[in-house]
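Everything on this sheet refers to the single structure shown next.
The values are calculated or read from the model by the stated rules, or taken from the named source; none is laboratory data. Predicted model only: the values in this text are computed from it and were never measured. Here the Cβ positions follow ideal geometry from the backbone for every residue, glycine too, while neighbour counts run over all protein chains shown.
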């Protein structure tokens, strides 16, 4: 098959004809490629242009002539190629209007369905509106565009043609122009595509239109390349066109715009919010770089200028914190029907905000996980029961915010994740699903918008009674032996978690600063526990200290442990040792895995010299009964001392 036949097999010309009672005057028509045609029918020029391989007088099934029966009978057989006749009624009623539409759309859809599925090239439809009468051109154009939308892979609107013939006026020297007037459809399509993107988040049609706009400029580049070669440029024409494409400001802006729009869409859909400010800014900047000077770019410039303007109003400024962009993206998705993406953004919003407000990296998985672990504690029964029974009083706005988050997670679990596991899953009402989830998302967004200042994280942590923990998997070198010398180069990740959740969790070790008081002669001060943890009550101890609370937080784990130790010493002794006698770093780590309490704790041992004349005097809060300073050899497990005291006695030895 020749190239001409291949091209013709993928073309369809739909033309209008009128004047059923008379003939058309002979005239000269000038096509946009410079060729001329003289005759009574301008359609013959289009037929020679689109179907050059078909001889005159032959039937052309890809040439459709639309008109009334009277007009078709008068003109159809006089054309150079015999058309398929599409008869439409000559009337003004609503019924006639729909008959006109069906007369055009029905055979067009039938043709599309007869086209081989998976054909690499759709049928290019050329519309000639020259001899249209009354409302017929509007119906023809609407029907073709509707069919192209219904069969996008098999039908494509290629060009719209019009012969500018004016009766009783002298013809131009070169002939009446027969030109493409395709922008009549492109302008409306561009505006509709921008609205689809802004209102529904559907970017595919606009990206396709951008590609078409880029292709529309290529013929200009070809002409420039040919002119440069004629002027002496020895480079191949393809190389010149490539260089001109790179230098053309509109082509560059279109490519950047399409890329930025794709980036924004994927950012919103995949929850890549950190990239959203740059993607939106790139999109707006690319739109502003388009030049309205080129006539083919004018509709593109105007519609994309609207796009950039509205995006700037919808999204925060680039200097706003990331959580503000997260919130805006959640609203963007929710308002455009992206329910699943909106749920994802809303679920991550609180963690993102807390990371930023606490100086953490919201893109760091470990730092996000530390925050998320605390918030997820409210889904656990021990804390949920305390909240429900009003035993845990949460500071505002945490009560409402955590309740909204729990409601959202519960609905996601019940309505989405487990929908297929119950009898209601198959008959779930989509409207109810969207209403419930959508309202939950809006509640979270509204609560964040009402709190412009930092969320009271410290008050929440203190209300939860959090303690410092280290992951057991990272501390395994310290657990190999009961006593491990302090190594400043060993860095462990640490976080605060609710004590009620880690009390029986061996995956997280609660860090306990544990201090022994040593007299100048080497004896160690001992006492007996009369209260506190039931698992240690009645045992002898030489250790003072306790959990690291959130109020003890410092830059490092050791700094926090020392701060906690100083607080515990002041709370447990009426006469605590001077701060200067407490070293900046501990002497050793101590641990044991024999007991239930030992499996979830790890100790940081300080040895503090006791230089005061009077012995330590415990407070009532300490639940300690003094024994006095003892020789280290007497501090053994067989005499009723806790295991950590026996380990501390060994580590305290010179």
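Restricting attention to region 237-259, the residues that are in contact with a helix residue (DSSP H, G or I) (Cβ under 6 Å, 6 or more places away or on another chain) and at pLDDT below 80 total 8. Taken over region 98-111, residues that are out of contact with any helix residue (DSSP H, G or I) (no Cβ under 7 Å at 6 or more places or on another chain) and without any contact (Cβ under 8 Å) to a residue 60 or more places away in the chain amount to 7.
I need a count of the residues in region 207-233 that are at pLDDT below 80 and touching a helix residue (DSSP H, G or I) at 6+ places or on another chain (Cβ under 9 Å). Summing the residues that are at pLDDT below 80 and touching a helix residue (DSSP H, G or I) at 6+ places or on another chain (Cβ under 9 Å) in region 207-233 gives 12. In the list 511, 469, 502, 516, which residue meets the criterion of being touching a residue at least 12 places away in the same chain (Cβ under 8 Å), in contact with a strand residue (DSSP E or B) (Cβ under 7 Å, 6 or more places away or on another chain) and within 20 Å of residue 387 (Cβ to Cβ)? Sole residue among the options that is touching a residue at least 12 places away in the same chain (Cβ under 8 Å), in contact with a strand residue (DSSP E or B) (Cβ under 7 Å, 6 or more places away or on another chain) and within 20 Å of residue 387 (Cβ to Cβ): 502.
Checked against the criteria, residue 551 does not count as over 48 Å from the mean Cα position of the chain (by Cα) and not in a loop (DSSP other than H, G, I, E, B). The requirement of being touching a residue at least 12 places away in the same chain (Cβ under 8 Å), surrounded by 19 or more Cβ atoms within 10 Å (Cβ to Cβ) and under 28 Å from residue 89 (Cα atoms) is not satisfied by residue 184.
Within the option set 469, 500, being surrounded by fewer than 21 Cβ atoms within 10 Å (Cβ to Cβ), touching a helix residue (DSSP H, G or I) at 6+ places or on another chain (Cβ under 8 Å) and more than 21 Å from residue 347 (Cβ to Cβ) holds for one residue only, 500. Residue check: residue 301 meets all listed conditions (1) within 16 Å of the chain's Cα centre (by Cα); (2) under 30 Å from residue 217 (Cα atoms); (3) surrounded by 18 or more Cβ atoms within 10 Å (Cβ to Cβ) but one, namely (1).
The set of residues from region 371-383 being out of contact with any helix residue (DSSP H, G or I) (no Cβ under 7 Å at 6 or more places or on another chain) and loosely packed, with under 14 Cβ neighbours inside 10 Å comprises just one member, 381.
The single residue among 368, 386 that is modelled with pLDDT under 85, surrounded by 15 or more Cβ atoms within 10 Å (Cβ to Cβ) and in a helix (DSSP H, G or I) turns out to be 386.
Scanning region 524-546 for residues that are in contact with a helix residue (DSSP H, G or I) (Cβ under 7 Å, 6 or more places away or on another chain), in a loop (DSSP other than H, G, I, E, B) and surrounded by fewer than 23 Cβ atoms within 10 Å (Cβ to Cβ) gives a single hit, 546. If you go through region 472-492 and keep only what is loosely packed, with under 11 Cβ neighbours inside 10 Å and within 21 Å of residue 366 (Cβ to Cβ), you end up with 473, 476, 489, 491. Of all the residues that make up region 310-319, how many are touching a residue at least 12 places away in the same chain (Cβ under 8 Å) and surrounded by fewer than 21 Cβ atoms within 10 Å (Cβ to Cβ)? Summing the residues that are touching a residue at least 12 places away in the same chain (Cβ under 8 Å) and surrounded by fewer than 21 Cβ atoms within 10 Å (Cβ to Cβ) in region 310-319 gives 6.
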